[in-house]
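As structure tokens, the structure follows; a few thoughts come after it.
The values are calculated or read from the model by the stated rules, or taken from the named source; none is laboratory data. The structure displayed is predicted, hence computed values, not measured ones. All Cβ positions, glycine included, derive from the backbone under ideal geometry; neighbour counts span all protein chains shown. Calculation scope for accessible area: heavy atoms of the full protein, side chains included, ligands and nucleic acids excluded. Shrake-Rupley method; radii C 1.70, N 1.55, O 1.52, S 1.80 Å.
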Amino acid sequence: TGVPRCGASLHEPNKALRIELNANASCIWQIQRNANQTIRLIFSHFKFAPSSSCETESIKVFDGPSTGSPLLGQVCDDTDAVPVLESSSDSLTFLVTTNSVAFTRNFFVYYYFFSPGSRPENCGGELTGPNGTFSSPNYPAAYPEFRYCVWHIQAPKNSKINLQFQDFFLELDRNCQLDFTAVYDGPATNSGLLGKVCGRAQPTFESSSNVMTVVLSTDDTNSYRGFSAQYSSVPLPGPVEPNATLTCSSDSMRIVLSKSYLASLGFSEAHLQLNDPSCRPVVTDSVIFSFPLASCGTIKKDEGHSITYTNTISLAPAGNSITRQKNTEITAECRMKNNETLEVIYITKNNAIQRMAARGRYNISMAFYESDLFSKPIKYSPYYVDLNQTLFAEVTLHSTDPNLQVFIDTCTASPQPDFGSLTYDLIRSGCNKDDTVVTYPAFENHGRFKFRAFRFLQSFPSVYLQCDVVICDSNNTNSRCARGCISRHKRDISPYTWKTNTVAGPIRLKRDLRAAEYSESLTEAEVEKTPNLQQYNFYTLAFVVLISNILIVVAVILKHHKHQAEYRYQNIQSS
């Protein structure tokens, strides 16, 4: 990795580059080699200046020997992926430019030449069906070097995918820069990164739809047994009945009506309106209204410990004007209360009400960030930190309602992912319990705080963070969110809309990372040669037994000599 600080001309068949740049840089790296092969370029870690834009700071990759070649792709601060670019020939160029912000940028990139056109055995592929299994090449033997495998998973429609790695052992490094597995929430590697993993773990991922993409990337340094994974499909919240469906999320309402059902009521999809008549449905095989919660005339009602969003679809009968006296309405109601969302459709016809219901919940997530700008989330797991390092955490409510407020009520840390009896309070009832905790003012749909890595990490290999979150109507000045810290002597009876908890972690010390990197540098043969604890116990026991036997023999000899001496002394006395 010893390359010139700003740009280079590279001719090796493969190389890893650690690049560190400051402000106002413009550096060009050219990769070229006379070979009938193409180049795969992987930016496995990149850290730009905070809040930089693609216009002022980026990496541009060109498909050829110069920056005048066709643009192959661009990497920026907001790139939500592990960028992998492939040339069409044996030359490739990339240009890194930085803006004037005083900040040290860090990039890790490696490339290698490969022969296109043939996919190695058991390296990626198409996986279809409700469930399945797959593994890394050669599993459980060591995976090969310089592999880039992509698995595309497609489950049945109206389902999501649960992916679980039953066995996982890849080369470990701090930012998963060398060997890694990346999982994307969609049909391609530009679909949104769910996470990047390396080392030893048993990660799980869940998609938001019926498609998911999994990537394995390896370099040429160390290889281990790889992974074995299985996926299963879980039905998405389906229709409350085949005729009408209501889905409430934290940011939108979606109503689906079948054409046949509308026809059975004597109506046509052409005669529909919401509270706001300008919000029109999309008509395909079904009639679909999909709109943000705070739009289309939706009525919002705060009822203390719950909040309700209601909208009404008026159906104008298809036919002559006489039947218009028999008005029919569909009322869709999303009620957010405590840990659940109650979704209800009321269909009113001729003064008769038909009620249908299903359940959902607010979409809440928690993540760690690199700085108090909260612009760059930590996407690798585990999150390795220094003792007393300041950590920045953010809880996000994914909602389009601007009048909802997130309040962090309680946060606890535990070495156990199920948060058993051993816990440590960071925040309790809105009050900071750890001296290093600083909470930030409410910002849109986010709750934010920072704290220092605590003493827990000195005694336990991993620490998890769990936060109880309260969501309130920001216009309610008497809500739980508005009251802030409440001592345990006071009983909280103030209203809130919804309450749940969310978990982040694990957090580990960097010294454990260095120890893990050292231990994983041992080959399996070296591990087998290392005597185990039972062997040491056996040797120790044998040594103790041997010493004991020697002491017994010495004691017998001494006793024998003592008896002889006493006998001689008695003879001397008698004579």
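Some observations on this one:
- Boolean, Ala102 is in the same structural domain as Asn22 (by the TED database) and over 21 Å from the mean Cα position of the chain (by Cα): yes
- Number of residues in the range 37-60 that are assigned to a strand (DSSP E or B) and open to solvent by 70 Å² or more (accessible area, probe 1.4 Å): the value is 1.
- For Asn34: the one exception among (1) modelled with pLDDT of 90 or more; (2) part of a loop (DSSP other than H, G, I, E, B): (1)
- Subset of the range 274-299 [more than 16 Å from Leu257 (Cβ to Cβ), modelled with pLDDT of 85 or more and of a type outside the set (A, V, I, L, M, F, W, C)]: Asn275, Asp276, Pro292, Ser295, Gly297, Thr298
- Against the conditions (1) of a type in the set (Gly, Ala, Ser); (2) under 30 Å from Tyr309 (Cβ atoms); (3) surrounded by fewer than 19 Cβ atoms within 10 Å (Cβ to Cβ); (4) modelled with pLDDT of 65 or more, Ser494 satisfies every one except (4).
- For the criterion of being at pLDDT 70 or above, open to solvent by 70 Å² or more (accessible area, probe 1.4 Å), of a type in the set (Ser, Thr, Tyr) and not assigned by the TED database to the domain that holds Cys481, Ser252 fails.
- Pairs are defined by a Cβ separation below 7 Å, a sequence spacing of at least 6 or placement on different chains, a first member in the range 148-161 that is basic (Lys, Arg), and a second member that is at pLDDT below 95 and outside any strand (DSSP E or B); the pairs so defined are Lys157/Asn210; Lys160/Ser207; Lys160/Ser208; Lys160/Ser209; Lys160/Asn210; Lys160/Leu236.
- Top-ranked residue in the range 63-80 [being open to solvent by 20 Å² or more (accessible area, probe 1.4 Å) and in a strand (DSSP E or B); ranked as farthest from Asp173 (Cα to Cα)]: Leu71
- Looking across the range 430-459, the residues that are of a type in the set (Gly, Ala, Ser) and either in a strand (DSSP E or B) or surrounded by fewer than 18 Cβ atoms within 10 Å (Cβ to Cβ) (or both) come down to Ala442, Gly447, Ser459.
- Filtered by the rule that a residue be modelled with pLDDT under 85 and either over 20 Å from the mean Cα position of the chain (by Cα) or crowded, with 20+ Cβ neighbours inside 10 Å (or both), the range 389-414 gives Leu397, Ser399, Thr400, Asp401, Pro402, Asn403, Leu404, Gln405.
- Ser223 modelled with pLDDT of 85 or more and of a type outside the set (Lys, Arg): yes
- Selection over the range 460-480 of residues that are of a type in the set (Phe, Trp, Tyr) and either surrounded by fewer than 18 Cβ atoms within 10 Å (Cβ to Cβ) or modelled with pLDDT under 80 (or both) gives a count of 1.
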